[in-house]
Structures are given as structure tokens and as C-alpha cells.
Amino acid sequence: MTSNQFDRYAIRCLSSSSMPGPLHHPGYEDNKLQRVSKLLQCRDVQASVLLGLMGEPEQYSYPSIFIYGHRATGKSHVIHTLLKELELPYATLTCVECVSLGLLFEQILLSLFGPDSATLLSRSPSLSDFVRVYKQLCAQNSVKQTKYIVLDRAELLRDMEANLLPAFLRLQELVEDNVTVILLSEIVWDKFRPNTGCFEPLLLHFPDYSKDQLQQILSEDSHPSYSSELYSAFINILLGVFYSVCRDLRELRHLAALNFSKFVEPLENGKVTESETHKLWRNIEPHLKKAMQTVYLREVSSVQWEQHQQMAEKEAGAVRGLSAHGHVELPYYSKFLLIAAYLASYNPARTDRRFFLKHHGKIKKTNFLKKHEKTSNHLLGPKPFPLDRLLAIFYSVVDSRVAPTASVFSQISSLVTLQLLSQVGHDDQLDAPKYKCAVSLDFIQAISRTVSFDIVKYLYDFL
């Protein structure tokens with residue numbers, strides 16, 4: 001099966017994903033496949049495509065497969081469940097943990113050939129050393145099943161030796177063995193491919209979970225002390241609030257665990273019954289909206305953050321300046337990202353030193369005012385800015401408030417989706433994307449007040 005044939009086959013399978021059926025394959029026992037189906041919720045279609053590609057255990061498979069999709073879309077879970085439950089020989093490792101080529105090769109050999117295999121490698125093995133040792137171990141091993149090497153976070157291979165990624169893509173040919181390399185990444189192949197060219201792997205995309213699929217998966221984590229119907233109703237409420245800004249399964253699961261105790265608080269106090277879901281909704285809704293500021297923020301719990309916010313400012317003044325139509329709930333870091341984007345759009349780049357660099361000395365506005373800047377930047381409209389400038393301003397304005405450990409890039413994408421930021425330029429400019437801020441001065445002032453940030457002090461037009 002060629003790469004183009006497989007892509008067409010995958011499209012046909014994925015287009016029929018509305019009614020996925022149980023897994024079937026003549027090379028594997030039905031009870032194992034049924035167990036796999038139960039473990040792979042909402043990913044039956046992708047599992048079926050992989051099974052069809054892998055074939056029977058002793059059949060030669062395609063040399064390399066590239067699986068891509070956003071984080072928490074089930075890539076690692078699906079492939080690991082298939083290989084483990086079907087009892088196939090495999091090696092799985094995360095490229096983040098492999099800080100050297102020697103460690104990478106050693107982990108592969110240990111997983112495929114046992115604890116003594118890595119001793120055959122030299123102290124600082126090269127790619128040719130790995131291929132030689134692999135061939136030597138294959139000659140001593142009578143196993144004819146397809147071996148699988150799973151490399152998670154595979155984009156990090158591009159930072160290693162230039163010949164490593166092309167070699168893994170055609171490892172089956174180099175070692176003359178029935179082995180398939182599976183690469184897992186969040187980056188699409190068109191932006192992953194080496195400039196020098198390489199063997200083209202088969203591509204398989206894992207799409208984001210839909211709202212209904214997230215509802216189904218999260219509802220399985222029901223609390224043992226309460227009915228599954230009650231927990232499903234709670235998940236429905238949670239997704240209604242958070243789905244527009246966060247579709248990460250792991251983060252949503254974390255938020256559900258944090259906030260369920262608040263949801264059932266009226267039940268524990270005997271004020272309502274499980275059937276009175278509308279009263280439970282009224283109780284939890286304001287708490288969930290406040291908890292949106294803790295999305296991707298793991299240093300404090302939602303309750304601790306809410307208490308801190310109540311001490312810092314009054315709820316009534318938090319959204320002053322926003323109409324009911326223009327009001328939008330944003331996570332804590334997203335507010336600072338939007339503030340940084342506004343400053344980058346309306347301040348000249350050469351003024352960043354004045355506003356954001358400590359000990360910059362006294363710099364008067366007249367010293368760097370040019371003739372063409374006599375017109376207000378707010379009248380000229382927002383100007384595009386590169387991503388690195390946005391991040392530099394963001395880390396400067398966050399400062400010591402909270403350690404910036406959030407998933408910043410995913411929140412930038414969410415701001416673009418919400419049309420608070422607009423991306424300019426071509427989509428293939430992965431190394432230097434540019435953005436514009438698309439909100440008004442009144443809007444950003446209201447957002448700034450919710451985080452106690454005086455944005456006017458940092459605007460060039462108001463000096």
C-alpha cells in the first residue's frame with residue numbers, strides 16, 4: 001500500500017466515523033479486540049485504521065507511520081493500548097527523556113531484545129553502531145513478529161543529528177528486519193519534513209474530541225458516592241462553561257475533579273435533591289466562571305484562587321467598562337496575553353526598552369519622537385507584531401504575580417479562535433507568526449482591571 005493509497009483509505013474510514021463499530025481483524029483474537037474497544041473510547045476509527053495497516057502479527061508492515069494531532073487527543077493512548085493488549089513486541093520512549101543518541105539507542109534495544117542487549121553498544125554509539133548491533137541481535141532472535149518502535153514528541157528528533165530522522169523513517173530497510181517506526185507529534189508533517197528530503201511515512205491525523213465525545217469520556221469518571229446521571233449532568237455544565245476556551249481532555253478532567261465537590265455541596269447540606277439539577281446549576285455557575293481564571297494554572301486550586309480574588313477586588317468592579325454583549329470570561333494568563341498583545345499593537349517596538357526593561361534610565365518622549373508619529377497610534381489602528389515580541393512583553397507584565405508555567409501557545413490559539421487576536425501573514429510561517437490585537441481600548445482597560453494592571457501607564461500615546 002503506497003502513501004497516497006493509505007491516505008485515501010484513512011479518509012474513507014474517518015469519513016464513516018459517525019457510527020464506529022467493534023474492532024475486527026483475522027490476525028487477532030476477538031476477546032482481545034473487544035477489550036481494546038472498551039479501552040479506546042471515541043477512537044475506534046483510528047484504532048481500526050492502525051489495525052488494518054499493521055496487518056497480521058508476522059506480516060511486514062509499512063516502514064514508518066506519522067501520527068499527529070493536538071495534545072490530549074489520544075495518540076499515545078491508542079497506540080500503546082493496541083500494542084500492549086495485542087501482545088506485540090514494541091519499544092516506546094519519549095524523545096524528551098533521551099538527551100543523547102546513546103540513551104535513545106539503548107532504550108530501544110533494551111525494550112526489544114532484553115536487558116543484556118545494550119551492553120553491545122559502545123560508550124558513544126553512532127547510528128551505524130546501532131544498526132550493526134540491531135542486525136546482530138536479530139540474527140540471534142527467532143521472533144518473526146513485527147516489532148514496533150514508538151517515538152513520542154518526535155519533533156525533537158530534528159534537533160539531533162541530521163541523519164537520525166531519515167534513518168528512522170527507513171529503519172526497516174537499514175536493519176533488514178520486520179520493524180515499523182511510529183512517530184507521534186503535535187506538528188503536521190508538512191512543517192516537520194527535513195529540508196534534505198527523506199522517505200515519506202504514512203500519515204494519520206487524530207482530530208480533537210468533539211463536545212459529545214468529551215461528555216462521554218469524562219462521564220466515565222463518575223464519583224462512587226453519587227449516581228452516574230448526576231456526574232454526567234455536572235460534566236455537561238462544565239463543558240458548557242469551559243469548552244469555548246479549553247478542549248484539552250487532561251485539563252478538563254483536572255477541572256472536573258477540582259470543582260465537583262462544590263457542585264455537590266448543596267446535596268451534602270441537604271438543601272436539594274439530585275433531581276433538582278437547575279438549583280445545582282445556579283449554585284455552581286458563578287464558581288465555574290471564577291474558576292476559568294485557573295485554566296492551565298496548577299499552582300493554586302480554584303477555591304484558593306477565588307478567595308484571593310475576593311480579597312483583592314470586588315466583583316462589581318471587575319468588569320466595569322464592558323457591556324453585557326462584550327463581556328467574555330478568560331483564563332488568568334490569557335488576560336495577560338491579551339494585554340501584552342494590545343501593548344505590542346499600539347506601542348512602537350523601540351519603546352519596549354522604556355516600558356519593560358528595568359534600570360533603563362530616563363528617556364524622554366521628545367528624544368525619540370519622529371515626525372510621522374505625531375498622529376496617535378490609536379487613530380492609525382493596531383500594527384502587526386511577531387510572536388517573540390508578544391512573549392517578551394507577556395513575561396515582563398506577568399512579572400512576579402505568578403510563575404509563568406501555563407500552556408501559553410495553546411492560549412494564544414484560543415485568543416485567535418475567539419477573534420480577540422487575528423493572525424496575519426501566511427500559515428506556513430511557523431518560525432515567525434505575526435498577530436494583531438482586535439479589541440478596543442475600553443475592552444482592554446476592563447480586562448486589565450480584573451488583574452489589577454494599569455495598562456494606561458504602559459501606552460505610548462498616553463505619556
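The values are calculated or read from the model by the stated rules, or taken from the named source; none is laboratory data. Keep in mind it's a predicted model, so treat the numbers as computed, not measured. Cβ sites come from the backbone with ideal geometry, for glycine too, and all protein chains shown count toward neighbours. Calculation scope for accessible area: heavy atoms of the full protein, side chains included, ligands and nucleic acids excluded. Shrake-Rupley method; radii C 1.70, N 1.55, O 1.52, S 1.80 Å.
Residue count for the stretch 57-105 under the criterion of being touching a residue at least 60 places away in the same chain (Cβ under 8 Å) and either in a helix (DSSP H, G or I) or not polar (S, T, N, Q) (or both): the result is 25.
Restrict the check to the stretch 92-107 and report whether at least one residue is touching a Pro at 6+ places or on another chain (Cβ under 9 Å), over 21 Å from Asn163 (Cβ atoms) and open to solvent by less than 20 Å² (accessible area, probe 1.4 Å). Don't jump to the end; show me each part of the working.
Initial filter on the stretch 92-107 (touching a Pro at 6+ places or on another chain (Cβ under 9 Å)): 101-102, 105-106.
Restricting the remaining residues to those that are over 21 Å from Asn163 (Cβ atoms) gives none.
Scanning the stretch 92-107 turns up no residue that is touching a Pro at 6+ places or on another chain (Cβ under 9 Å), over 21 Å from Asn163 (Cβ atoms) and open to solvent by less than 20 Å² (accessible area, probe 1.4 Å).
Going through (1) open to solvent by less than 20 Å² (accessible area, probe 1.4 Å); (2) modelled with pLDDT of 80 or more; (3) within 18 Å of Phe356 (Cβ to Cβ) one by one, Val408 falls short only on (2). Of all the listed residues (Ala344, Ala291), the sole one being modelled with pLDDT under 85, buried (at least 19 other Cβ atoms within 10 Å of the Cβ) and either small (Gly, Ala, Ser) or part of a helix (DSSP H, G or I) (or both) is Ala291. Filtering the stretch 118-139 to residues that are among the polar types (S, T, N, Q) and over 20 Å from Val99 (Cα atoms) leaves only Gln136.
Suppose the filter is within 30 Å of Ser142 (Cα to Cα), at pLDDT 90 or above and open to solvent by 30 Å² or more (accessible area, probe 1.4 Å); does Leu110 pass it?
Yes; evaluated as a whole, the condition is true for this residue.
Counting the residues of the stretch 208-244 that are within 21 Å of the chain's Cα centre (by Cα), loosely packed, with under 13 Cβ neighbours inside 10 Å and within 19 Å of Glu265 (Cβ to Cβ) gives 0. Selection of the stretch 168-193 for residues being open to solvent by less than 70 Å² (accessible area, probe 1.4 Å) and more than 30 Å from Leu137 (Cα to Cα) yields Ile187, Val188, Trp189, Phe192.
Exactly one condition in (1) over 19 Å from the mean Cα position of the chain (by Cα); (2) of a type in the set (A, V, I, L, M, F, W, C); (3) open to solvent by 10 Å² or more (accessible area, probe 1.4 Å) is not met by Leu51; state its number. Tallying (1) over 19 Å from the mean Cα position of the chain (by Cα); (2) of a type in the set (A, V, I, L, M, F, W, C); (3) open to solvent by 10 Å² or more (accessible area, probe 1.4 Å), Leu51 fails exactly one: (3).
I need the full set of residues from the stretch 31-45 which are assigned to a helix (DSSP H, G or I) and open to solvent by 10 Å² or more (accessible area, probe 1.4 Å), in order please. Of everything in the stretch 31-45, those that are assigned to a helix (DSSP H, G or I) and open to solvent by 10 Å² or more (accessible area, probe 1.4 Å) turn out to be Asn31, Lys32, Gln34, Arg35, Ser37, Lys38, Leu39, Asp44, Val45. Among the residues of the stretch 167-226, those identified as hydroxyl-bearing (Ser, Thr, Tyr), more than 27 Å from Tyr134 (Cβ to Cβ) and assigned to a loop (DSSP other than H, G, I, E, B) are Tyr209, Ser210, Ser222, Ser225, Tyr226. Examine the stretch 144-153 for a residue that is surrounded by fewer than 18 Cβ atoms within 10 Å (Cβ to Cβ) and either closer than 21 Å to Val49 by Cβ or among the hydroxyl-bearing types (Ser, Thr, Tyr) (or both), and state whether such a residue exists. Within the stretch 144-153, one or more residues are surrounded by fewer than 18 Cβ atoms within 10 Å (Cβ to Cβ) and either closer than 21 Å to Val49 by Cβ or among the hydroxyl-bearing types (Ser, Thr, Tyr) (or both). Number of residues in the stretch 62-85 that are open to solvent by 10 Å² or more (accessible area, probe 1.4 Å) and of a type outside the set (D, E, K, R): the value is 10.
For the structure I just gave you, tell me whether Val402 is at pLDDT 85 or above and either open to solvent by less than 70 Å² (accessible area, probe 1.4 Å) or assigned to a helix (DSSP H, G or I) (or both). Criteria not met by Val402.
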